[in-house]
1. In segment 152-196, how many are without any contact (Cβ under 8 Å) to a residue 40 or more places away in the chain, surrounded by 18 or more Cβ atoms within 10 Å (Cβ to Cβ) and either over 30 Å from residue 126 (Cβ atoms) or of a type in the set (A, V, I, L, M) (or both)?
2. Criterion first (farther than 21 Å from residue 188 by Cα and within 13 Å of the chain's Cα centre (by Cα)) does residue 55 satisfy it?
3. Mind telling me which of the residues 83, 127, 109, 102 ends up being more than 17 Å from the chain's Cα centre (by Cα), closer than 19 Å to residue 53 by Cβ and buried (at least 19 other Cβ atoms within 10 Å of the Cβ)?
4. Looking at segment 119-130, can you tell me whether even one residue there is among the β-branched types (Val, Ile, Thr) and part of a helix (DSSP H, G or I)?
5. Say whether the condition of being within 21 Å of the chain's Cα centre (by Cα) and part of a strand (DSSP E or B) is met by at least one residue in segment 170-177.
6. If you go through segment 40-95, how many residues are without any contact (Cβ under 8 Å) to a residue 24 or more places away in the chain and either in a loop (DSSP other than H, G, I, E, B) or touching a Ser or Thr at 6+ places or on another chain (Cβ under 7 Å) (or both)?
7. Could you please tell me which pairs satisfy a Cβ distance under 6 Å, a separation of 6+ or placement on different chains, a first residue in segment 226-243 that is assigned to a loop (DSSP other than H, G, I, E, B), and a second residue that is surrounded by fewer than 16 Cβ atoms within 10 Å (Cβ to Cβ) and modelled with pLDDT of 95 or more?
8. Would you mention how many residues in segment 96-110 are in contact (Cβ under 8 Å) with a residue 60 or more places away in the chain and either assigned to a loop (DSSP other than H, G, I, E, B) or farther than 11 Å from residue 42 by Cβ (or both)?
Amino acid sequence: MTSSREQFGKVAQAYAKSWVHARGADLERLAALVPASGTLLDVGTGAGHTLAAIASKFDRAIGLDPTPQMLAAARGVLREHDVRAHLVEADAAALPLAERSVDVVTSRVAAHHFPDPSSAFREIARVLRPGGTLYLIDNYAPEQLSLDSFINSLERLRDPSHIRAYPLSQWLALLEAAGFRTRVDFRDRVQLDVEDWLARSRTPPNAAAAVRERLRRAPSEAREAFAIEATHFSTYRAVIVANKP
């Protein structure tokens, strides 16, 4: 299995320029939700687009990612937006922060790469102050098992560091097991250009051909669920608000 660090080390600059990550209705909703003070921790910060959008609202902002190349890309993105944040190389399941030391945690389009999301969510709960909030934004699969299997197997074929985009019910269950009180605040569909999507992850030619074939031969229920067309398809994304009591 390809690790997230190995995969994203190769493609960091592509993610820095990715419109899918740099903007979106979910990012606009996040900016409207987060408070305007305190300490922010962005887990799985990637190329820094979340920090670029919201870090200036906080007294202190920290971006954490396990991939040095992604952090280098994030520094460039933050410079472009004239945003200051402290960037740290670390894993989501072992946060290098003290207990109850941050007010808000964000994690956007990263958790589906976590090898152990349960451990990551427990770590996030540990570093949050009582009354603090995690804003989890990520892709989610339909509840129907066949559609869950279709989209996750397609994602792994395209990018072997993909672990799992859970159905919403399972995302919520994982967060609640870590001690959070949860609600789904926002849902969206993100349309993807197939060739841009494959190029961004540098999918090898044989795997890319297999992805195109799976989309071309997708069963009718998958074609409808993911709005599969000749050049595009859509995935599901949600903003989950998880409060620490």
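1. The total comes to 1.
2. Judged against the criteria, residue 55 is not a match.
3. Numbers: 83 fails: buried (at least 19 other Cβ atoms within 10 Å of the Cβ); 127 fails: closer than 19 Å to residue 53 by Cβ; 109 fails: more than 17 Å from the chain's Cα centre (by Cα).
Answer to the check: 102.
4. Kept after step one, since they are among the β-branched types (Val, Ile, Thr), are these residues of segment 119-130: 124, 127.
Those still in the list that are part of a helix (DSSP H, G or I) too: 124, 127.
Scanning segment 119-130 turns up at least one residue that is among the β-branched types (Val, Ile, Thr) and part of a helix (DSSP H, G or I).
5. Keep residues of segment 170-177 that are within 21 Å of the chain's Cα centre (by Cα), which gives 170-177.
The next check asks that each one be part of a strand (DSSP E or B); those that pass are none.
No, the conditions are met nowhere in segment 170-177.
6. Total satisfying the criteria: 2.
7. Taking only residues 6 or more apart or on different chains, the pairs are 226/234; 227/234.
8. Restricting attention to segment 96-110, the residues satisfying the condition of being in contact (Cβ under 8 Å) with a residue 60 or more places away in the chain are 101-110.
Checking the rest, the ones that are also either assigned to a loop (DSSP other than H, G, I, E, B) or farther than 11 Å from residue 42 by Cβ (or both) come to 101, 103, 109-110.
Number of matching residues: 4.
The values are calculated or read from the model by the stated rules, or taken from the named source; none is laboratory data. Given the structure is predicted, the values throughout are model-derived calculations rather than measurements. Every residue, glycine among them, receives a Cβ derived from its backbone with ideal geometry; neighbour counts consider all protein chains shown.
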